[in-house]
Each structure stands twice: as structure tokens, then as C-alpha cells.
Amino acid sequence: MARWLPRSTDLARFCQKLNRVKTLEDDMMETSFNRCLSTVDLTLLGIGGMVGSGLYVLTGTVAKEIAGPAVIVSFIIAGFASLLAALCYAEFGARVPKTGSAYMFTYVSVGEIWAFLIGWNVLLEYMIGGAAVARAWSGYLDSIFNHKIKNFTETHVGAWQVPFLARYPDFLAAAILLVATAFISFGAKVSSWLNHVFSAISMGVILFILIMGFVLAQPKNWSAQEGGFAPYGLSGIMAGTATCFYAFVGFDVIAASSEEARNPQRAVPRAIAFSLGLATGAYILVSVVLTLMVPWHTLDPDSALADAFYRRGYAWAGFLVAAGSICAMNTVLLSNLFSLPRIVYAMAEDGLFFQVFSQVHPRTQVPVVGIVVFGLLMALLALVFDLEALVQFLSIGTLLAYTFVAASIIVLRFQQQKVDAPPPAAGGQPSPEPREGPSAGELKEYESFSDKLQLVDRGKNKEHREPGQLKAAFEPYLEFLSDFYPGEVVTVAVVTLMVSAVCLCSILVFGNTHLHLPTWSYSLLLVLFSLGFLLSLLLIWAHEQQRSTQTFQIPLVPLSPALSIVLNIYLMLKLSYMTWLRFAVWLLLGLLVYFGYGIWHSKENLREPRPQRVSARYVVFPSGSLEERVQAIQPSSQPTTGLPDTDTDDSKR
């Protein structure tokens, strides 16, 4: 029976396959895409992804039902929280200017299976998001014409009463997606130009709303007679923050487009900062004028801005608001259709997804197969499916991607930078280089003794420490950590930090409501998990980081990514259990695809080192002096008679 069980070496090799990281090319600017996008192009793409229908609908809904006029504070907090995630994307987008966004960032720092699952979830997120926006676009246009489109379809086509299907087929939503797919397939420059047009109209309408809104503003609408500025208190402000946070999820289109940017090292961080700043300003200012024009408790959640102008005697302004809303939804559609095929392309290019999606059209230089296939799937979703029950699924995929990108920033910042291999020696033989660092307690093998001498000399140099090594100031207190390979302790600490964050947020979300914990145990668990989180953070901080590079780096690492991790996990746990159930089902489907196809076709399989035959090796034990830990080993083809004596060791030295 025992012989059928897998050996420990097989399990270790299998785990290594799951956690292998992507090997980046020497020239990361080389690409099959057309590098034609400027900082302005990327900024408008980001604004188009963030300032969508939410500006016209979300502001009124949160103001009336959740936070009151304090929705302004909710947007300020949500904007700051989004900034933490956006800065992580900005650093990765500048350092790794490749398409794929969160999938690529996770692959180069955390591991293959985690990257695939992130890409798999982002894929569904974009599909449902695009289809949902198309149906909202159709419904908004239909409402302008007194629902004539809906009535015509139900009369001549019929209505359905089938679970999970829409009440009637939405041909208009499917048609707008097909038209957008056609434009996206013409190339990045055409897509960018179209986005410029819709973004310009949308921003012009927003500017009109702000000017007219401040002219019609009445400060008494914030007075105590109308309920005050924060009628729902601090709890309402924080609940509004959780809802407003999802208004800023579109900035990752900039990171997904980094392989088509002319100068991604500068353009990506700037575009993310500019677009997030402008979007946050737009949400805050529109919330101000909306709650000052009419009392917050009289707002119409479905069409707050148009209704506010109508009630102030400017019914004609409602048509401008409708035009701005439709143009804003068009930019969101373009953003989804622009990003999704590029993420699929990145997965297919790495061999983790079907190879057909890695084809790039030679003339337009876009992944046309992915654009057409997923555009058709998105149109099918919008045509027949009821998406209201699935819309909340969008949040969990985004938040999970944010969490892994933040963790990847910490892991990458404390990793040793890869150094190019030295040139071959005069005899034509390449100079040997050390293998990848093993875990603590294992034997470290080197092909030559001189390699070990260089490593020992570098380890004894206290003034120059590599990233991932313990800082000199902490070595007297944490000396037992100095035996680990650089970066190992940080990786373990990041995992501990994430586990502590999950436990801490679980107690905050479920402690009083679902678990009904007594006060003493609730407080004790909060203290314990908070201590675990803080100790993990301090342990990471006690190690050396990579020194400043020429590209953008997020400040206050590891504090900034850690705060982003806590916030994202907290918001994920606030989602409904049905969302988690659907997420688990989609995750299982992704694992079937990965283990059925991805793990076998991964291009990292081709890069795995092959065993080499050497005449002599040296084994270095993790403790003891240099003389004690250098011992010769006979080749595997010769019989081993034991360890050599001291004279043999001296001759080797």
C-alpha cells in the first residue's frame, strides 16, 4: 500500500512546479504589440475605466440610502484606499512593462498557480462587467424613449420566465458590444482615439454639471433641518466607503496596457496617478453639487443628477446628463474589451491558457482572436443572461487581485536582484554560477570552491547587505535568522501577515453578528491577531530592501502594501455568502483548466534546469566554520568510501 503513495521528493518537485515564477526576458521593451500609447492616452483609458455610470448613479444611491451628504467623506476615504492599490500597480507596471496586469505581477513574484487563478478570476470579472455595463447602457437609452425598445422586444420576441435568464433578450446590449469589439480589433490607436472622443464628451458634461450645480447650490440642504451633513453617522460613512471603493476599480486597464506604452517606466505611474486623482476629484465634486442642489433625502437613486436638474426647473439639462452617462458607459465598455483580451494573451503566451489566444494580428498588432472570441461571449452574456445576481461577483475578483499584487510588491522588494551571467572564460567554458538558494537546513551545493569563497566573503561584509538579508542593527537580537537564505524569512512573514489579516478581519466582520462572541473573547482575539499582524510587519521591515531603482517605487514598504491587504480582505469578507459560493465554483473550474492544460504546457517547463554531470562537487552545511563545512563528494558513478580526511580537505583548499 505504501508503495502507491507519492514520495516526498515527488511532492516537493510538484510543489516547486506550482510555485515557479516567470522568467522575464532580458529586453522587456521587446514586444509583438505596437508601442504607440502616450501618457495622455493611458490617463484617458484609466479615467474611462473609473468614471462610468457610477458617477451618475452611485453618487445618488450612496447619498440617499447610506451616508447622506457625508458621501463626500466616503469618496475621500475610498479614493485614499484605492491609492494604496494603485501605487502597487504603478510600481509593477513600471518595473515589468508587460501586458497581463495582476496576473503578470503575481507570476513574476509569487508563483504560477496563484497567477493563473488571479488571471482566471479577472477574466470572468471583465466578462461580467462588460456585459452588465452594456445592459445598463441599453436600459438607460430605453428609459429615454419611455421603454419602447423593451415593449417592442417583449411583444414581438416574447418574455422568458427561466431562472438565470433575463426577462427578455437584450439585442441592443449585444449589438453595442459587437460594435465595440469591431473597433477594438482595429488596433490600440483606434481604440485610444475612440476613447478620447467619449472621454472628452463625458468630461465636458461633468464640467457643465459642476458649474450649473454650484450656481444652483443651496447650503441649507446640509443644515440640521434637512438632517445634517452626516445623518447616518460614522457607520454610514464607512458603509458608504465600502460601496464607493468599487467606483475606482478601472485603473488596472493602465497596467494591462503597459506593453503598448511608448515609455512605460514613466507613463504608467503618471497615468495611474493622474487618472485616479481626476476620478476622485470628479466623484467628490459631483457629490458636493448634488447634495447642495436638492435635499439628500429627496434624491432619486436611479437618476439622481437628471432628477435634481428637473426639480430645479432645468429639465433640458437632463438630456445633457443622459448623453454624458451614455458616453461614460461607452468608455467603460472600451476599457473592459481592451483589457480582457490582453490578459488572456499574456496567459496564452506563457502556455497556461490555450495557445490560439496568443496570436497577434501582423497588421493591427492586437490579439484579434481573443478580442473576437471574448467579445462574442460578452455579447451572449448581455443578450440572454440575468446579470443582476452576478454583478456582485465583480468585487471579489478585483479585491483578490489587489491583495495578491500588494503581497507581490513586498516579496519582490525583498528579493535579490538577478545579475546577468558573467561572460565565458578564455577557454570557452562558461564560468560556474551558484544555484538557486535552498531553504534553511538543506545542503547548499556549488560547482566550484571559488564560488563558495565569494559567497562567504560577501556574507562577512557587514556594510554591503543584499536585499532579503537581516539588517545589521537587528543581527544581535535576531541572529538565528541570519542562517536563512535571503528572502526566505520575508516570504514566510508575508504569508503570516496575510493569515493574521484574514483572522483579524473575520473577527471584525463576524465576531458580533455571526459568531456571537462574548466581549472578553472578542477583544482577546482582536489583540492576538493584531499582534501577529504587527510582528509580521516588523519582521519584514527588519530586512534589507532593494535599493532605489530608476523606475517608480511605492513609498513606505511594507506598511503601504500591508494596509492595502487588510482593507481588501475586509471588503471581501463583507460580501455575501452566495458571492463566495459562486467564487468557489469558478475557482474549481479554473483548477481543472490549470491541471488539465496549463501545468503541462507552461513555458517554464522548458526553462527548468537539467541535471549536469560533474566530476566533483562541494557541499556546504548551514552551520560551522568554513573549514568544517567544505567537503568533497565523489561523483555518483564512483563508490563512496566516506568523507575525506583533513589532508584531503587542505589540498582542496
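What to note about this one:
- Label-to-label distance, Ser235 versus Gln416, with points set 7 angstrom from Cα along the beta-carbon direction: 5.4 nm.
- Counting Lys and Arg as +1 and Asp and Glu as -1 over every other residue whose Cβ lies under 12 Å from the Cβ of Tyr56, the net charge comes to -3.
- Taking 0.36 nm per residue of separation and subtracting the Cα-Cα distance, full extension of the segment from Lys17 to Gln161 would add 47.1 nm.
- Listed values for the range 142-158 are Karplus-derived 3J(HN,Hα) couplings in whole Hz (6.51 cos²θ - 1.76 cosθ + 1.60, θ = phi - 60°), namely 5, 5, 5, 9, 6, 6, 5, 5, 5, 5, 5, 5, 5, 6, 9, 9, x, and x replaces Gly and Pro.
- Residues in the range 138-185 average 60 Å² of solvent-accessible surface per residue, probe 1.4 Å, ligands and nucleic acids excluded.
- For the range 155-307, the alpha carbon convex hull comes to 200 Å³ per residue, rounded to a whole number.
- Over the range 241-332 - Rg/Rh using Cα atoms and the Kirkwood inverse-distance radius: 1.08
- Percent accessible area from carbon and sulfur atoms, the range 31-152, protein chains only, probe 1.4 Å: 68 percent
- With 27 Å as the limit on Cα-Cα distance, the pairs of Lys64/Lys574; Lys148/Lys189; Lys64/Lys220; Lys17/Lys98; Lys98/Lys471 that go past it are Lys148/Lys189; Lys98/Lys471.
- Under-5 Å amide H pairs with Gly228, H placed in peptide plane, nonlocal only: Ser223
- Gap separating the Cα centres of the range 273-304 and the range 17-66, nearest whole Å: 22 Å
- Between Leu587 and Val215, the FRET efficiency estimated from the beta carbon spacing at R0 = 60 angstrom works out to 0.70.
- Near Phe385, the amide H atoms lying under 5 Å from its own belong to Ala166; only residues 5 or more places off or on other chains count, and H is placed 1.01 Å from N.
- FRET efficiency, His601 to Phe319 (Cβ-Cβ, R0 60 Å, nearest 0.05): 0.70
- Averaged per residue, the range 468-597 has 55 square angstrom of accessible surface, using a 1.4 angstrom probe with ligands and nucleic acids left out.
- Exposure of Cys503 as accessible area (Å², to 10), given a probe of 1.4 Å and all protein chains: 40 Å²
- Model label zone, Ile144; criterion: amide N under 15 Å from point 7 Å along Cα-to-beta-carbon; scope the range 319-335: 319-331
- Kirkwood-based shape ratio for the range 95-200, expressed as Rg/Rh from alpha carbons: 1.10
- Label point distance in nm, Ala200-Ser482, each placed 7 Å from Cα along Cα→Cβ: 6.4 nm
- Available extension along the chain between Lys471 and Asp302 is 55.2 nm, counting 0.36 nm per residue and deducting the alpha carbon span.
- Around the amide H of Ala261, modelled in the peptide plane, lie the amide H atoms of Leu37, all under 5 Å away and 5 or more residues distant in sequence or on another chain.
The values are calculated or read from the model by the stated rules, or taken from the named source; none is laboratory data. What you see is a predicted model; the values in this text were computed from it and never measured. As a convention, Cβ positions derive from the backbone with ideal geometry for all residues, glycine included, and neighbour counts pool all protein chains shown. The accessibility values were calculated without ligands, DNA or RNA, using every heavy atom of the protein model including side chains. Shrake-Rupley method; radii C 1.70, N 1.55, O 1.52, S 1.80 Å.
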